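The next block holds one structure in the form of structure tokens; read it before the comments.
Readers should treat all values here as calculations from the given coordinates under stated rules, not as data from a laboratory. In this text the structure is predicted, and so the values were computed from the model without any measurement. Ideal geometry is used to build each Cβ from the backbone, glycine not excepted, and the neighbour counts take in all protein chains shown.
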């Protein structure tokens, strides 16, 4: 008696208990979104909402006290930022930081990567030692460097004055603009060079050994092999490191805040410390939010130019 039903199923009819095709397809299509939902919700909570809220605050003379009313002032905070000499001084200081730390991290990181790419004993140990500052707390190393550059009793002045006798008095490193920025740049290079080294080392291990051997057979020395073989092969990695270091350089904050506190008289301020003081010292959250978006525009423009370099490099590689 059940034979006709089985025959119908074999001839193309849907077996009993099989869900309709439309419902199955709909359930399958919604599955990826179910997995994405927690991440999207977290992004909206942690990034999207604070960002949109900060943009809204930037158009107001924001009142922190609940009993007072915030006043809409349009683009006045942005115009004030464009005319603020102290803000542009902070931008100049971060420019100095970038000019010193980005080439420094690239040069030293590349040098260490080339050394560790060779067959040296204890390479793994040296890789760990050079990378260790990267994972060390910014607060800890900033306080350490503040002690090193202290005017009275600091290790740097002890070496220069008492040990080597290169200066006739203790240098007030953190009480002057240029020496203070130099101390902060030294910390930035020391802490970040391990990251550049790891990226370059990973790229160098992918360079064909056959090309290096062919160049060596042709009489090229180690420097010539690096310049003519290895460096062109890691060209795109070099551009990537430059982009990341420039973006990271604009985020310098803890080292300035703990070592120089932006002084003397705001001469070592950088954008993030200046924004921080506007928000939490003067409670001018509207102006601080506007400055953050002005800084974001500058970073976006620089990143746009760098992405064009990536694109041009990719076009050149294909050609």
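Helical content of the chain, expressed as a calculated mean residue ellipticity at 222 nm, amounts to -21000 deg cm²/dmol (DSSP H runs of 4 or more residues, -39,500 (n - 2.57) each, divided by residue number, nearest 500). Here the peptides 79-85, 251-257 are ranked by packing, the mean other Cβ count within 10 Å, and the order with the highest first is 251-257, 79-85.
Give the order of 227, 184 when sorted by the count of other beta carbons within 10 angstrom, beginning with the fewest.
Working: 227 11, 184 28.
With the sparsest Cβ surroundings first, the list reads 227, 184.
Using a 7 Å offset from Cα along Cα-Cβ at residue 302, what residues in the stretch 220-261 end up with backbone N under 17 Å from the label point? Backbone N within reach: 239-256. Across the stretch 172-308, the fraction of Cα-Cα pairs farther apart than 27 Å, rounded to a whole number, is 43%. Axis of helix 21-43 versus longest Cα principal axis of the chain: the two differ by about 10°, to the nearest ten degrees. State the Kirkwood hydrodynamic radius of the stretch 81-318 in Å, one decimal place, computed from all pairs of distinct Cα atoms. Result for the stretch 81-318 stands at 20.1 Å. If you sort the three axes of the alpha carbon gyration tensor as a ≥ b ≥ c, you get a/c of 1.5 or more for the stretch 91-137 and a/b no higher than b/c, which makes it oblate.
Which whole-number percent gives the relative contact order of the chain, counting Cα pairs below 8 Å spaced six or more residues apart?
Once divided by the residue count of the chain, the mean separation gives 25 percent.
Note on the stretch 64-166: Cα-only Rg and Dmax are 22.6, 69 Å. When each of the peptides 262-270, 155-163 is scored by the mean number of other C-beta atoms lying within 10 Å of its residues, the order from highest to lowest reads 262-270, 155-163.
Taking the Cα centre of each part, how many Å lie between the stretch 92-145 and the stretch 192-257? Centre-to-centre distance over Cα atoms comes out at 13 Å. In the chain, the longest principal axis of the Cα atoms and the axis of helix 235-249 are about 70 degrees apart.
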